[in-house]
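The values are calculated or read from the model by the stated rules, or taken from the named source; none is laboratory data. These numbers were taken from a predicted model, which means no experiment stands behind them. When we count neighbours, we look across all protein chains shown, and the Cβ atoms used for this are built from the backbone with ideal geometry, even at glycine. For accessibility, only protein heavy atoms count, side chains too; no ligands or nucleic acids. Shrake-Rupley method; radii C 1.70, N 1.55, O 1.52, S 1.80 Å.
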Amino acid sequence: MQDSSYVQYHNDVYRVAGTRVALDSIVRRFWEGDTPESIVQSFPVLTLEQVYGAIAYYLRHQDSIDSYLKQAESAETAIIDQLRHQNQALHERLVRLKSERIEAHES
């Protein structure tokens, strides 16, 4: 798959060209139904043109990008599982703190 003026592939990561914003960040917001305008508000470093270009790139290469995202998610899950196993006490503490924070926020 080729780079475009809106998306570049470098070091195994698709990014919006000229930025550090990962394409998957844009795609996931797009999947959630966010408009390009709201995506720009979340990523002020991007222009509306860049967001539309990134979405167009995704739609043009949807099968390949979806496969890339699935592989990335699997790799992330494997790393999290490995770290959880290696640092069980730390993981349990973080889960407890997160739970306490959520409970305090809901109160």
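Structure remark: mean-square fluctuation, Gaussian network model of the chain, C-alpha springs under 10 Å; the largest value among 78, 56, 89 belongs to 89. Determine, from the Cβ-Cβ distance of residue 94 and residue 9 and an R0 of 35 Å, the FRET efficiency 1/(1 + (r/R0)^6), rounded to the nearest 0.05. It comes to 0.60.
The slack in the chain from residue 103 to residue 34, taken as 0.36 nm per residue of separation less the alpha-carbon distance, amounts to 22.0 nm.
Computed extension length for residue 82-residue 22: 19.2 nm, one decimal, from 0.36 nm per residue of separation with the Cα-Cα distance subtracted. Counting only Cβ charges, +1 for Lys and Arg and -1 for Asp and Glu, the dipole size of region 16-107 around its Cα centre is about 260 debye. Between helix 48-60 and the chain there is an angle of about 90 degrees, using the helix long axis and the longest principal axis of the Cα atoms. Rolling a 1.4 angstrom probe over the protein heavy atoms with all chains in place gives the chain an accessible area of 73 Å² per residue. Under a Gaussian network description of the chain, with springs only between Cα atoms under 10 Å, the residue in 80, 26, 39 that fluctuates furthest is 80.
Highest GNM mean-square fluctuation among 21, 95, 40, for the chain modelled with Cα contacts below 10 Å: 95.
Taking every DSSP helix (H) stretch of at least 4 residues in the chain, weighting each as -39,500 (n - 2.57) and dividing the sum by the residue count yields a mean residue ellipticity at 222 nm of -22000 deg cm²/dmol.
All alpha carbon pair distances within the chain were sorted into 10 Å bins beginning at 0; the resulting P(r) in whole percents reads 13, 34, 26, 22, 5, 0. With all protein chains in place and a 1.4 Å probe, the accessible surface of the chain carries 51 percent carbon and sulfur.
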